[in-house]
Amino acid sequence: MIRERHLFGPGPSNPYPEATRALAEPLLGHLDPEFLRIMDETCDMLRTVWGTDNARTLPLSATGSAGMEAAFVNTVHPGDVVVVAVNGLFGQRMTDVAARCGAEVVAVEHDWGHPVDVDRVLSAHPSPAIIAAVHAETSTGVRSDIAALGAGKGDALLLTDAVTSIGGIELRADAWGVDIGYAGTQKCLGVAPGLAPFTINDRAFERRVEKPRSWYLDLGMLGGYVGEAGVKGGQRTYHHTAPTAMVASLHGGLTRILDEGLEAVWARHQEAGDTLQAGLQEMGLELFAAEGSRLPELTTVKVPEGVDSAAVRTQLLDRHGIEIGAGAGAYAASVWRIGLMGRNARPDAVLLVLAALQDVLD
Ligand code: PLP
């Protein structure tokens, strides 16, 4: 029997009970009318959390990284210039994925812990096909201004990673000019890992690669999987076997979020993050992410001089059943990452992690 954990790392987070309960319901076939209703409703609710009217909004059957692959493999034509804002690990990953799709990548490097410099990104190339940026950099705990990139993108397509922002902080894909977006279920949506909520507008879809190198992630073929061209109630065609239990679980998590109210959920994340960050600083700890751009749902903390970062994480897990994350990349041993995402964005979780950290550091 596995002991219950408090998943206060960079994800997965503890799922909402509605998402967990859905996994215990009878399994449905992937063409069962009841499942098709659940899929339709899930796509509708995803449109709400994305802040989009895009017909082509669906949960891809794989994790967030597959969302990233789908975004690039469907939109990068060989030799296209793709400007990527790199301010952490996931921006870096984008450069790799875009290059594998045949892009001429222009990477705009930033110091980790800082938000994307919009002017530098927009002036990096005179006519890029795509500008790509991560909204919430999970590796550093930093939020970037996607709306400003959208306002200045010109003819380029704006491709956005919303893995750690969706369901946690303000996200308005249409209003901000996001043409292609991908996300994950395991962070602020409060569902287990396994699906990649994805959205693409007509502008980007019309410019897509006719026959992308990936069969599984070919958005042209996936349209029929969620109904004709992604339109609700459209004709279903078999593409792959939908992970019906996971979609039902996502349906449960999204229902919970929308019942609470999306803006109320954002406010709950903000309050939890603010309280945690204030509490950590009161303990004498220093935050890593630049002030003014800190994510509430993912806090990065500098490991104090002389403290063994891995030993602290082990003790938190062994003594308190709490998982927090190590830092990413070069900051693996010098930064901790504390996530309060989805169900965990609550005052009692803040108190718990602060008290446990104090106990282990004493
Ligand atoms: N992008 C960001 C910002 C992430 O935080 C993650 C995962 O942590 C990913 C992409 C990749 O998602 P996954 O690990 O679900 O494949």
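The values are calculated or read from the model by the stated rules, or taken from the named source; none is laboratory data. This is a predicted model, so every value here is computed, not measured. Glycine also receives a Cβ, built like all others from the backbone with ideal geometry; neighbour counts cover every protein chain displayed.
Some notes on this structure:
- Residue, nearest to residue 189 (Cα to Cα), within segment 312-345, restricted to residues that are β-branched (Val, Ile, Thr) and touching a Phe, Trp or Tyr at 6+ places or on another chain (Cβ under 7 Å): 338
- Given (1) touching a residue at least 40 places away in the same chain (Cβ under 8 Å); (2) within 28 Å of residue 294 (Cβ to Cβ); (3) within 11 Å of the ligand (Cβ to nearest atom); (4) not in a loop (DSSP other than H, G, I, E, B), index of the condition residue 139 fails: (4)
- Sole residue being of a type in the set (Phe, Trp, Tyr), outside any helix (DSSP H, G or I) and either in contact with a Leu (Cβ under 9 Å, 6 or more places away or on another chain) or away from the ligand (no atom under 12 Å from the Cβ) (or both), chosen from 225, 216: 216
- From the list 165, 144, the lone residue that is in contact with a Pro (Cβ under 6 Å, 6 or more places away or on another chain), within 13 Å of residue 293 (Cβ to Cβ) and modelled with pLDDT of 95 or more is 144.
- Any hit, segment 287-305, residues being in a helix (DSSP H, G or I), at pLDDT 95 or above and either small (Gly, Ala, Ser) or crowded, with 21+ Cβ neighbours inside 10 Å (or both): no
- Meets criteria (at positive phi, touching a Lys or Arg at 6+ places or on another chain (Cβ under 9 Å) and away from the ligand (no atom under 13 Å from the Cβ)) for residue 190: yes
- Of all residues in segment 54-91, those that are surrounded by fewer than 24 Cβ atoms within 10 Å (Cβ to Cβ), within 16 Å of the ligand (Cβ to nearest atom) and either assigned to a loop (DSSP other than H, G, I, E, B) or among the basic types (Lys, Arg) (or both) total 3.
- Matching residues in segment 195-213 - criterion: being in a loop (DSSP other than H, G, I, E, B) and either surrounded by fewer than 22 Cβ atoms within 10 Å (Cβ to Cβ) or away from the ligand (no atom under 11 Å from the Cβ) (or both): 201, 207, 208, 209, 210, 211, 212, 213
- Boolean, residue 95 is under 23 Å from the mean Cα position of the chain (by Cα), without any contact (Cβ under 8 Å) to a residue 24 or more places away in the chain and crowded, with 17+ Cβ neighbours inside 10 Å: yes
- Residues located in segment 301-338, provided they are out of contact with any Ser or Thr (no Cβ under 6 Å at 6 or more places or on another chain), under 29 Å from residue 262 (Cα atoms) and in contact (Cβ under 8 Å) with a residue 40 or more places away in the chain: 322, 323, 324, 325
- Any hit, segment 216-228, residues being among the charged types (D, E, K, R), touching a Gly at 6+ places or on another chain (Cβ under 9 Å) and either crowded, with 21+ Cβ neighbours inside 10 Å or at pLDDT 95 or above (or both): no
- Within segment 118-148, considering residues that are within 30 Å of residue 9 (Cβ to Cβ) and among the acidic types (Asp, Glu), the one surrounded by the most Cβ atoms within 10 Å (Cβ to Cβ): 137
- Top-ranked residue of segment 150-162 - restricted to ones that are over 12 Å from the mean Cα position of the chain (by Cα) and touching a residue at least 60 places away in the same chain (Cβ under 8 Å), ranked as nearest to the ligand (Cβ to nearest atom): 159
- Looking only at segment 313-337, and only at residues there that are of a type in the set (A, V, I, L, M, F, W, C) and part of a loop (DSSP other than H, G, I, E, B), the one that is nearest to residue 350 (Cα to Cα): 324
- Residues that are out of contact with any strand residue (DSSP E or B) (no Cβ under 6 Å at 6 or more places or on another chain) and of a type in the set (Ser, Thr, Tyr) within segment 76-127 comprise 123, 127, listed in sequence order.
- For segment 3-53, filtering for residues that are out of contact with any strand residue (DSSP E or B) (no Cβ under 7 Å at 6 or more places or on another chain) and assigned to a helix (DSSP H, G or I) leaves 20.
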